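K.L.:
This is the structure, below, for whatever I ask next.
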Amino acid sequence: MLNSSESRPTRLVRSQSNDIQQESDTRFLYKRSQSYSPLTFQQALSDHDDIEGFSLHPDSTSYAFLQSKRASWICLGVVLIACICGYVARQTIQSTAAQVSTMESSRQLLREKVTSVSNDLVELKKKINTINSNHPQHKHNQEKEEMKVSNIRAMHQMNKAQKRVDTASKQAMLLRERVQALSLAGISKKYGDGIHHVEFQLEFQDGVDGPTKFVIELAPSELMPHSVETFLDMVSNKLVDGCSFIMNALNLIKAAPLPYDGSSAKDKAQSFADFGLDKLAFKEYSESFPHEKYTMGFTADGSPSFFINVDDNTHSHEGDPCFAKVIQGFDAVKRLESSPTRNGIWFTQRVGIKAARIIEANSISYEQAKLRQKSRRA
């Protein structure tokens, strides 16, 4: 009962407040009742006359379902974030690679301009000598002054061009270091730290039984991060599968993205481009990992083609990326080396790369590899 001493407005406000509170409690009990069967809820109402004191207990099955659904959404969110991060990293590397290529082109143009200016200076000197021998003495001083001015202008232009070359070289170096840092982080994230290994399975077309597998050990990631990441990406995306070794010349065996099974070479090349692996961002090289015998490197044109050195090519291929070495399966490599060729260069039948896969270090027989290396040296 309302207090008689309260004013009418006060009683009206309190009455409206009680109505709102009662409506809120009713809505709350209705929502809570959705977790119970009709029988349970009816029994609960019959057992409790005072609905404000009635307490409902949530159904355990519904609660577990909600928890499971929440965990699924959390996992999906984590996967989406990881995919977005990988895509952003790949786009950053491709953009940086394009900038490196542009800087290399600009530097080449500037070098050509410096060469052109130097040639012009030589021509000017020749003209001076011609003027000295053919013109009268009273014109000699005037022409000499004009030639001196031309020489000064040419030297000024050459100095400006040289400064541009130096600036472009510094910018290219910074971009290379940035690409290497991104590649090093990418290797650690996608493939883990430490030394990585890849096993090749070859398919010879001669129909003769023999060794078909060999294992390579990639260079330390700190020495050749961009080349190592590029090759591991090629292997993990199965782009190397189906390629073939096509030639044996100049102390190396070259493999290219050309199918050995007669399928479309254009489609194979396009698959590399789809993953952004159709070319290297720049030619990476380390003197600590030279082109010694049975090492593996990328070709000088920056394409995804690679080769195995069957002799010491340190001097002839210095500057080209060298990213791995054969540590097991030398008998398969020697079989590949002895395959018949046409004109001493091209294999008469392409030797296919049936599969290439990344393997764990503990799956390699290091003792067997050491014995074979000793026998090879002997």
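The values are calculated or read from the model by the stated rules, or taken from the named source; none is laboratory data. For clarity, every value in this text was computed on a predicted model and none was experimentally measured. Using ideal geometry, Cβ is built from the backbone for each residue, glycine included, and neighbour counts are taken over all protein chains shown.
K.L.:
Conditions: (1) within 30 Å of GLU292 (Cα to Cα); (2) in a helix (DSSP H, G or I). VAL165 meets all but one. Number of the miss?
P.N.:
The failed condition is (1).
K.L.:
Quick check: anything in the range 293-303 outside the structural domain of GLU177 (by TED's automatic domain parsing), surrounded by fewer than 18 Cβ atoms within 10 Å (Cβ to Cβ) and more than 20 Å from the chain's Cα centre (by Cα)?
P.N.:
Checked the range 293-303: at least one residue is outside the structural domain of GLU177 (by TED's automatic domain parsing), surrounded by fewer than 18 Cβ atoms within 10 Å (Cβ to Cβ) and more than 20 Å from the chain's Cα centre (by Cα).
K.L.:
OK, next. Report, ordered by the first and then the second residue, all pairs with beta carbons closer than 8 Å, sequence separation of six or more or different chains, a first member in the range 146-165 that is closer than 22 Å to THR102 by Cα and in contact (Cβ under 8 Å) with a residue 40 or more places away in the chain, and a second member that is among the β-branched types (Val, Ile, Thr) and assigned to a helix (DSSP H, G or I).
P.N.:
Filtered contacts from the range 146-165: MET158/VAL114; MET158/VAL117; ALA161/VAL114; ALA161/VAL117; GLN162/VAL114; VAL165/VAL114.
K.L.:
Another question, then. What residue, among those in the range 323-343 that are β-branched (Val, Ile, Thr) and part of a strand (DSSP E or B), is surrounded by the fewest Cβ atoms within 10 Å (Cβ to Cβ)?
P.N.:
By that ranking, first place goes to THR341.
K.L.:
Continuing with this model, one more query. Might you let me know whether the range 239-261 holds any residue that is in the same structural domain as GLU337 (by TED's automatic domain parsing), assigned to a strand (DSSP E or B) and surrounded by fewer than 16 Cβ atoms within 10 Å (Cβ to Cβ)? Full working, then the answer.
P.N.:
Going residue by residue through the range 239-261, those that are in the same structural domain as GLU337 (by TED's automatic domain parsing) are 239-261.
Pick out the ones that are also assigned to a strand (DSSP E or B) and you get 244-249, 252-256.
With the extra rule that they be surrounded by fewer than 16 Cβ atoms within 10 Å (Cβ to Cβ), the set shrinks to 249.
Yes, that holds for at least one residue.
K.L.:
Filter the range 188-202 down to residues that are among the acidic types (Asp, Glu) and surrounded by 14 or more Cβ atoms within 10 Å (Cβ to Cβ), then give me how many there are.
P.N.:
1
K.L.:
Using beta carbons and a limit of 9 Å, which pairs, at least six apart or on different chains, have the first residue in the range 72-101 and in the same structural domain as LYS170 (by TED's automatic domain parsing) and the second one in a helix (DSSP H, G or I) and among the β-branched types (Val, Ile, Thr)?
P.N.:
These pairs meet every condition: ILE93/VAL179; THR96/VAL179; ALA97/VAL179; VAL100/VAL179.
K.L.:
Working only within the range 205-234, note down all residues that are of a type in the set (A, V, I, L, M, F, W, C) and either out of contact with any Lys or Arg (no Cβ under 7 Å at 6 or more places or on another chain) or surrounded by fewer than 18 Cβ atoms within 10 Å (Cβ to Cβ) (or both). Before you say what the answer is, go through the steps one by one.
P.N.:
From the range 205-234, those of a type in the set (A, V, I, L, M, F, W, C) are 208, 214-216, 218-219, 223-224, 228, 231-232, 234; that's our starting set.
Those that are of a type in the set (A, V, I, L, M, F, W, C) and either out of contact with any Lys or Arg (no Cβ under 7 Å at 6 or more places or on another chain) or surrounded by fewer than 18 Cβ atoms within 10 Å (Cβ to Cβ) (or both): VAL208, PHE214, VAL215, LEU218, ALA219, LEU223, MET224, VAL228, PHE231, LEU232, MET234.
Let's see how each residue does on (1) in a helix (DSSP H, G or I); (2) hydrophobic (A, V, I, L, M, F, W, C); (3) closer than 30 Å to CYS85 by Cα:
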position: ARG107; (1), (2), (3): yes, no, no
position: LEU124; (1), (2), (3): yes, yes, no
position: GLU143; (1), (2), (3): yes, no, no
position: VAL149; (1), (2), (3): yes, yes, no
position: GLN157; (1), (2), (3): yes, no, no
position: ILE187; (1), (2), (3): yes, yes, yes
position: GLU199; (1), (2), (3): no, no, yes
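K.L.:
Can I ask one more? Give VAL88, VAL122 a once-over and let me know the one that is hydrophobic (A, V, I, L, M, F, W, C), closer than 30 Å to ILE152 by Cβ and at pLDDT 80 or above. Write out each step before concluding.
P.N.:
Values: VAL88 fails: closer than 30 Å to ILE152 by Cβ.
Among VAL88, VAL122, only VAL122 is hydrophobic (A, V, I, L, M, F, W, C), closer than 30 Å to ILE152 by Cβ and at pLDDT 80 or above.
K.L.:
Mind telling me which of the residues ASP311, ASP267, ASP320 ends up being surrounded by fewer than 21 Cβ atoms within 10 Å (Cβ to Cβ), in contact with a Leu (Cβ under 9 Å, 6 or more places away or on another chain), modelled with pLDDT of 95 or more and within 30 Å of GLN180 (Cα to Cα)?
P.N.:
Numbers: ASP267 fails: in contact with a Leu (Cβ under 9 Å, 6 or more places away or on another chain); ASP320 fails: in contact with a Leu (Cβ under 9 Å, 6 or more places away or on another chain).
ASP311 is the lone residue from the list that is surrounded by fewer than 21 Cβ atoms within 10 Å (Cβ to Cβ), in contact with a Leu (Cβ under 9 Å, 6 or more places away or on another chain), modelled with pLDDT of 95 or more and within 30 Å of GLN180 (Cα to Cα).
K.L.:
Would you check if there is a residue in the range 270-290 being within 14 Å of VAL215 (Cα to Cα) and part of a loop (DSSP other than H, G, I, E, B)? Give the steps one after another, and end with the answer.
P.N.:
Here is the first cut: in the range 270-290, the ones within 14 Å of VAL215 (Cα to Cα) are none.
Checked against the condition, which is being within 14 Å of VAL215 (Cα to Cα) and part of a loop (DSSP other than H, G, I, E, B), the range 270-290 yields no hits at all.
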